[in-house]
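Read the structure below first, then the notes.
The values are calculated or read from the model by the stated rules, or taken from the named source; none is laboratory data. These numbers come from a predicted model, not from an experiment. Glycine also receives a Cβ, built like all others from the backbone with ideal geometry; neighbour counts cover every protein chain displayed.
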Amino acid sequence: MGKAVYPGSFDPVTNGHLDIIRRASALFDEVTVCVMVNHAKHCIFSPEERMALIAASVAGLDNVRVDSYDGLLMAYARQKGMDAVVKGLRSGRDFEFENTMDFYNKRIAPEIETVYLMAEHTYVHVSSSGVRELMAFQGDISGLVPDQVVRAIAKKQQEVVL
Ligand code: ADP
């Protein structure tokens, strides 16, 4: 089914994201997970750190690549010859946001379809912002993010404390 891009902030990548990546990798010949650089958003991890955490988490998936982009998603998708964009839907809130986003994306690149995958029920409440909030209070994030991310976060917290 061609090439797809799965965009997001991934600050950090969660098991919810990973579930979408796995399912997309079964649907498409090639999936690129693209860290979208958003200067207006304050991120905990740098784009390079976020890419490294994603790369470590998708190590077993041969048709998954990791990239980053500082610009408009549809410009990236067109430039890279993507057939589709993949998004995950957790709730009505995600739907409302994506519905409007699709309206504008279609104006920019009507030839590129967006495919929405329903969030796995176990991860419906998992978000990067929720994980960041738990991190701030030294809460337990195991099971919410890949093990590599649990370790990287523990290391980062130590650095901040030192
Ligand atoms: P978040 O919304 O958690 O800050 P991103 O902006 O990085 O994360 O999200 C990137 C994409 O992944 C979006 O399409 C978002 O709807 C989807 N997504 C985020 N968390 C989940 C989850 N737990 N399950 C399924 N899809 C998700």
field: Long-range neighbours under 9 Å by Cβ, at least six apart or interchain, first residue closer than 18 Å to GLU159 by Cα within the range 117-141, second more than 10 Å from the ligand (Cβ to nearest atom) and of a type in the set (S, T, N, Q)
entry: MET135/GLN157; GLN138/GLN157
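How about the range 27-58: which of its residues are of a type in the set (Lys, Arg) and either more than 21 Å from GLU133 (Cβ to Cβ) or out of contact with any strand residue (DSSP E or B) (no Cβ under 6 Å at 6 or more places or on another chain) (or both)?
LYS41 - this is the single residue of the range 27-58 that is of a type in the set (Lys, Arg) and either more than 21 Å from GLU133 (Cβ to Cβ) or out of contact with any strand residue (DSSP E or B) (no Cβ under 6 Å at 6 or more places or on another chain) (or both).
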task: Run down ALA55, ALA24 and say which single residue is of a type outside the set (Lys, Arg), at pLDDT 95 or above and buried (at least 21 other Cβ atoms within 10 Å of the Cβ).
output: ALA24
statement: Considering residues that are within 9 Å of the ligand (Cβ to nearest atom) and outside any helix (DSSP H, G or I), the number found within the range 92-134 is 9
message: Here is a list: LYS80, LYS41, LYS87. Which entry is away from the ligand (no atom under 12 Å from the Cβ) and of a type in the set (Lys, Arg)?
response: LYS80
message: Any residue that is in contact (Cβ under 8 Å) with a residue 24 or more places away in the chain, among the aliphatic types (A, V, I, L, M) and surrounded by 12 or more Cβ atoms within 10 Å (Cβ to Cβ) - is there at least one of those in the range 88-101?
response: yes
query: Does the range 8-33 hold any residues that are of a type outside the set (Lys, Arg) and more than 10 Å from the ligand (Cβ to nearest atom), and which are they?
result: ALA24, SER25, ALA26, LEU27, PHE28, ASP29, GLU30, VAL31, THR32
